[in-house]
Each structure stands twice: as structure tokens, then as C-alpha cells.
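The values are calculated or read from the model by the stated rules, or taken from the named source; none is laboratory data. Just so you know, these numbers come straight off a predicted model, no measurement behind them. Here Cβ is always computed from backbone atoms with ideal geometry, including for glycine, and neighbour counts include all displayed protein chains.
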Amino acid sequence: MHSLLFITLSISLITLTIASDVLVLTDSDFDTKVKQYDVLLAEFYAPWCGHCKRLAPEYEKAATILTKNDPPVALAKVDCTVETKTCAKYGVNGYPTIKIFKNGEVAEDYDGPREVDGIVSTMKSKAGPSYRVLETLADYEKFLEHNDHSIIGYFESDTHSLKDDLVKVANQLSEKFRFAYTTSKEVLEKAGHLNQIVVHQPKRLQSKFEEAFSVVEGVGDKIKQYIQEK
């Protein structure tokens, strides 16, 4: 009887482990796995952490729901008592530390709700595109009609190096700013910009005493700094 009960419990535990939709990441596969997902939420935890233990069942439920989202959102966890290299790389000094990754890069720290509905709602809002692709002149003109600043990349092709910089910054700042890029010849001719990232002021803030736009200076992280200072 005791043996049968033990076997039943063991099978149940194995089933629960297999059924988990939370990815378990390690030092050896973290970078590779994170790059496989457009949006991923990573929890850096310690097994003894009380807050982590309380979060665990909510995190598991949210992971299952978000795998069915369109687009899907991955939830992952990293045991910092074992995977010390990865946790050090991301400056983890308290548990749980939770970060949102987009296309393999840290987009922002997660400071949202810790229960299933809140996690799901927050991450669904993060899963949408962080930038627009302006394919026509009509798309471009409509994008500029907005009441907030518009950051637009004007590139001769999708492979221009500045485009990658723009996408990276958009993934980090899309909650605060509007981003887009275009390779349309008619838009490039209309705008008069080529291989540049430009911050456009909305009409409500434009003045006859200054330009309605400014060209972003620098590349990489300097783009983010320039936009935040505007």
C-alpha cells in the first residue's frame, strides 16, 4: 500500500514538472534561449526566498496562459544560487529580480503585479510591436498627425546598421515614445532624410522660432540618451 502511494506521488510530481510552461534557463543556454523569443519575462530567484515562493504558482499559471497569446510571451526563471554568471551579468542583488527581454536584449525591469491576472495583462501590453513600419506616404503622414513626439528612422534599406539601433531603443522606450521606420522611396523623397533617425515634434508644440524636427546624433546607446533628453 505504501509502495503504491509512493509511486503514485512520484508520478504526480514528475507530471507536474513536465507540465510546467516556465522555461528553466542556465548559464550555458541563457543568451541563446532568450534570443529565440520576441518577448520574454525572466525571473531571477533563490530557492530560499519567501517572495519567490509566493510568486511561483502565479508565475506558473501566467506562463501557461501567455504561451497561448498572439504573439506568445515566454516566462522563464533562473536560479541565482546555481547560475551565478548570468545573475551577475544582469546585476541581480535581490530576489526576485524580474526583467523583460525583447529580441534578446533587456528592455526594462518588471515592476508590475505579482499575481496571475496582473502578470498576464501587463505582459500582453508589452507583446505588441514597439515600432511601426511606414510603407506608404499615407502611413507616414498619418503617423506624424499624433499629438506626441514621433521618432522615425529613414533608411535606404532594411539592412542599414542604424535600423538595428532604432529597434533596440524602441524596445526599451516604446512605453514613452512612438517609433517607426521607413525604406519607402516616396517617403524618403518627401521627408528629405536618408539614413538618419529623426525626432519630430507634434504640431501642438511646433514654433516658428525652431525646427519642427531634430536629427538624432550618435549611434548605439547615444540614440537612447539623445531621445530621453529631448
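Couple of notes before you dig in:
- In the set (1) over 25 Å from Asp221 (Cα atoms); (2) of a type in the set (Val, Ile, Thr); (3) at pLDDT 95 or above, Thr122 fails one condition alone, (3).
- Scanning region 97-118 for residues that are in a loop (DSSP other than H, G, I, E, B) and of a type outside the set (S, T, N, Q) returns Gly104, Tyr110, Asp111, Gly112, Pro113, Arg114, Glu115.
- Pairs, first part of a loop (DSSP other than H, G, I, E, B) in region 30-59, second among the small types (Gly, Ala, Ser) and crowded, with 16+ Cβ neighbours inside 10 Å, C-beta under 7 Å, six or more apart: Lys35/Gly104; Tyr37/Ala74
- The listed residue being in contact with a His (Cβ under 6 Å, 6 or more places away or on another chain) and touching a residue at least 12 places away in the same chain (Cβ under 8 Å), out of Ser150, Ser157, Ser130, Ser161: Ser150
- Scanning region 109-116 turns up no residue that is in contact with a helix residue (DSSP H, G or I) (Cβ under 9 Å, 6 or more places away or on another chain), closer than 19 Å to Leu188 by Cβ and surrounded by 13 or more Cβ atoms within 10 Å (Cβ to Cβ).
- Residue tally, condition touching a strand residue (DSSP E or B) at 6+ places or on another chain (Cβ under 7 Å) and at pLDDT 95 or above, over region 31-44: 7
- Some residue of region 129-143 being of a type in the set (Ser, Thr, Tyr), under 14 Å from the mean Cα position of the chain (by Cα) and outside any helix (DSSP H, G or I): yes
- Lys102 vs. criteria in contact with a helix residue (DSSP H, G or I) (Cβ under 6 Å, 6 or more places away or on another chain) and either buried (at least 20 other Cβ atoms within 10 Å of the Cβ) or of a type in the set (Gly, Ala, Ser) (or both): yes
- Leading residue by the ranking (nearest to the chain's Cα centre (by Cα)) among those in region 180-230 that are of a type in the set (Phe, Trp, Tyr) and farther than 17 Å from Glu141 by Cβ: Tyr226
- Test: residue in region 166-177 that is outside the structural domain of Asn103 (by TED's automatic domain parsing), outside any helix (DSSP H, G or I) and more than 22 Å from Ile98 (Cβ to Cβ): yes
- Residue pairs whose Cβ atoms lie under 7 Å apart, sitting 6 or more positions apart in sequence or on different chains, and linking a residue in region 202-226 that is at pLDDT 80 or above and surrounded by 13 or more Cβ atoms within 10 Å (Cβ to Cβ) to a partner that is assigned to a helix (DSSP H, G or I) and of a type in the set (Phe, Trp, Tyr), are Val216/Tyr226.
- For region 60-77, the set of residues classified as in a loop (DSSP other than H, G, I, E, B) and among the acidic types (Asp, Glu) consists of Asp70 only.
- Count of region 36-61 residues which are surrounded by 13 or more Cβ atoms within 10 Å (Cβ to Cβ) and under 20 Å from Asn103 (Cα atoms): 8
- Residue check for Lys168: touching a strand residue (DSSP E or B) at 6+ places or on another chain (Cβ under 7 Å) and either buried (at least 19 other Cβ atoms within 10 Å of the Cβ) or more than 24 Å from Glu141 (Cβ to Cβ) (or both): yes
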